[in-house]
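Colleague: I am attaching a structure below and will ask some questions about it afterwards.
The values are calculated or read from the model by the stated rules, or taken from the named source; none is laboratory data. All values derive from a computational prediction rather than experimental measurement. Neighbour counts run over all protein chains shown; Cβ positions are idealised from the backbone, glycine included. To get the accessible areas, we keep the full protein, side chains included, count just its heavy atoms, and leave off ligands, DNA and RNA. Shrake-Rupley method; radii C 1.70, N 1.55, O 1.52, S 1.80 Å.
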Amino acid sequence: MPPSLSKRCIAESFGTFWLVFAGIGSAIIAAGIPVVGIGYIGVAFAVGLTVMTMAYAIGHISGCHLNPAVTLGLVLGKRFPAKEVLPYWIAQVVGAIIAGRAIYFIASGNPTFAIGGFGCNGYGLHSPTGYSFAACLVAEVLLTFFFLLIIMGSTDQRAAKGFAPLAIGLGLTLIHLIGIPITNLSVNPARSTGTALVLGGWAISQLWLFWLAPLVGGALGGIFYKLVLAEHELPPVTEKPVAYSA
């Protein structure tokens, strides 16, 4: 018997908490330590590891979306029922918000802590390296689009079994290696919301882009995979083996 919607939403909330707390928490707490800080590469791998570990932990329960853009892309790719989008989105955002508060509580326990940008996503003056609005928009759409292709391709019935979490986790790592200098990388509206609500101010005023762009990219990725890359032909009929007798 498949898990109930309530159990799946609880799994999504805990999984998204882990994504934000461990993945984004690594950027806020561990990235900037002099000499031994993990830097961009460490943060990228941390985020990828959060998704990979949760995919193995709750993938069989909720599908391990952890991301409103992924949920939308899977709906448009005919992999997930549209009627369950809103409960999943609520669960994901709640998990991210709680994680953002938990990170702030722990990080602020250090007397030298300064909130800075708090890992928030931004464009223009609030881009980590000053990328324009247009560049940030295109980057977020493209990177979310390819993330959906990785997810849908690695979980396709024709794909090798058991390797999807590795492909998805490493794919998200690669996406972060590209996108962190541009926007601090979102590709996930829940993740963006969880940190923006802690920082407030400009992070909230720019949050709309980090809902719009990932949702557009996720939708395009799901539609493209369904229309172009998915298997549309019926599988060949397997012939019954011929039985020979003496």
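Colleague: Within region 48-175, what whole-number % of the accessible surface is contributed by carbon and sulfur, with the 1.4 Å probe and all protein chains included in the calculation?
Modeller: Values: 4370 of 5970 Å².
That share works out to 73 percent.
Colleague: Okay, next question. Write down the accessible area per residue of region 112-172 in Å², having rolled a 1.4 Å probe over the full set of protein chains.
Modeller: Heavy-atom SASA per residue in region 112-172 reads 48 Å².
Colleague: For region 147-214, what is the relative contact order in percent, using Cα pairs closer than 8 Å and at least 6 residues apart in sequence?
Modeller: Working: 42 pairs, mean separation 16.1, N = 68.
The normalised contact order for region 147-214 reaches 24 percent.
Colleague: Would you mind counting up the charge near residue 76? Only other residues with Cβ under 15 Å from its Cβ, with Lys and Arg at +1 and Asp and Glu at -1.
Modeller: On the way: positive: 78, 79, 83, 226; negative: 84.
That sum, taken over residues with Cβ under 15 Å, equals +3.
Colleague: Given the options 150, 168, 38, state which has the largest fluctuation in a GNM of the chain using a 10 Å cut-off (strictly under) for Cα springs.
Modeller: 38
Colleague: Taking 0.36 nm per residue of sequence separation and subtracting the Cα-Cα distance, how much length would be gained by fully extending the chain between residue 230 and residue 82, in nm to one decimal? Let's see the in-between values first.
Modeller: Details: separation 148, 0.36 × 148 = 53.28 nm, distance 1.92 nm.
Full-extension gain reported as 51.4 nm.
Colleague: Sticking with this structure for a sec: Report, as a whole number in µm² per second, the diffusion coefficient that Stokes-Einstein gives for the chain at 10 °C and 1.306 mPa s using the Kirkwood radius over alpha carbon pairs. Numbers along the way, then the final one.
Modeller: On the way: Rh = 18.6 Å.
Using the Kirkwood radius from Cα pairs, D works out to 85 µm²/s.
Colleague: Ignoring ligands, DNA and RNA, how do 210, 21, 163 rank by accessible area with a 1.4 Å probe, largest first?
Modeller: Values: 210 0, 21 60, 163 125 Å².
Final ranking, largest accessible area leading: 163, 21, 210.
Colleague: Work out the length of the dipole vector of the chain about its Cα centre, built from +1 on the beta-carbon of each Lys and Arg and -1 on the beta-carbon of each Asp and Glu, and round it to the nearest 20 debye.
Modeller: Values: 11 positive and 7 negative charges, 66 e Å.
My answer is approximately 320 debye.
Colleague: In addition: So for region 100-212, Kirkwood radius off the Cα pairs, Stokes-Einstein at 37 °C and 0.692 mPa s: how many µm² s⁻¹? All intermediate terms of the calculation are to be shown ahead of the outcome.
Modeller: Working: Rh = 15.2 Å.
D, rounded to a whole number, is 216 µm²/s.
Colleague: Which whole-Hz couplings ³J(HN,Hα) result when phi for each residue of region 87-98 is put into the Karplus expression 6.51 cos²θ - 1.76 cosθ + 1.60, θ = phi - 60°, listed in order with x for Gly and Pro?
Modeller: The phi angles translate into x, 5, 4, 4, 4, 5, 5, 4, x, 5, 5, 5 Hz.
Colleague: Can you classify region 88-154 as rounded, prolate or oblate using the Cα gyration tensor, where a ≥ b ≥ c are the square roots of its eigenvalues, rounded means a/c under 1.5, and otherwise it's prolate if a/b beats b/c and oblate if not?
Modeller: Numbers: a/c = 2.80, a/b = 1.31, b/c = 2.13.
Oblate, since a/c reaches 1.5 and b/c is not below a/b.
Colleague: At most 10 other Cβ atoms within 10 Å plus a DSSP loop assignment makes a site exposed; report the longest stretch of the chain without any exposed trypsin sites (Lys or Arg not before Pro).
Modeller: Details: sites that count: 158, 161.
Here the longest segment lacking exposed loop sites spans 1-157.
Colleague: Could you give the size of the charge dipole of region 1-140 about its Cα centre, using +1 on the Cβ of each K and R and -1 on the Cβ of each D and E, expressed in debye and rounded to the nearest 20?
Modeller: Working: 6 positive and 3 negative charges, 67 e Å.
Value, rounded to 20: 320 debye.
Colleague: Compare 225, 123 by solvent-accessible area with a 1.4 Å probe and give them largest first, with all protein chains kept in place.
Modeller: Correct descending sequence by accessible area is 123, 225.
Colleague: Now a separate question. Take residue 159 and residue 35, extend 7 Å from each Cα along the Cα→Cβ direction, and tell me the distance between the two endpoints in nm.
Modeller: It works out to 4.2 nm between the two label points.
Colleague: Would you rank 86, 19, 72 by solvent-accessible area, highest first, keeping every protein chain in place and using a 1.4 Å probe? Mind dumping the intermediate values first?
Modeller: On the way: 86 110, 19 15, 72 40 Å².
From most accessible down to least: 86, 72, 19.
Colleague: Can I ask one more? Please compute the net charge surrounding residue 223, taking Lys and Arg as +1 and Asp and Glu as -1 over other residues with Cβ under 14 Å from its Cβ.
Modeller: Charge balance near residue 223 sits at +3.
Colleague: Find which of 106, 176, 228 sits farthest along the positive direction of the dipole of the chain, computed with +1 on the beta-carbon of Lys and Arg, -1 on that of Asp and Glu, about the Cα centre.
Modeller: Ranked along the dipole, the leading option is 106.
Colleague: So what J values fall out for region 127-144 if you push phi through Karplus, 6.51 cos²θ - 1.76 cosθ + 1.60 with θ = phi - 60°, rounded to Hz, Gly and Pro as x?
Modeller: Karplus values, whole Hz, x for Gly and Pro: 6, x, 10, x, 6, 6, 3, 4, 5, 5, 4, 5, 4, 5, 5, 4, 5, 5.
Colleague: Expected output is a single nm value to one decimal: the length gained when fully extending between residue 204 and residue 1, i.e. 0.36 nm times separation in residues minus the C-alpha distance. What is it? Intermediate results must be reported in sequence, preceding the final value.
Modeller: Numbers: separation 203, 0.36 × 203 = 73.08 nm, distance 4.13 nm.
My answer for the length gained is 68.9 nm.
Colleague: Any chance you could count the Lys pairs in the chain whose alpha carbons are under 23 Å apart, treating pairs 8 or more apart or on different chains as valid? Mind showing how you got there, number by number?
Modeller: Working: 7/78; 7/83; 78/161; 78/226; 83/226; 161/226.
For the chain, qualifying lysine pairs total 6.
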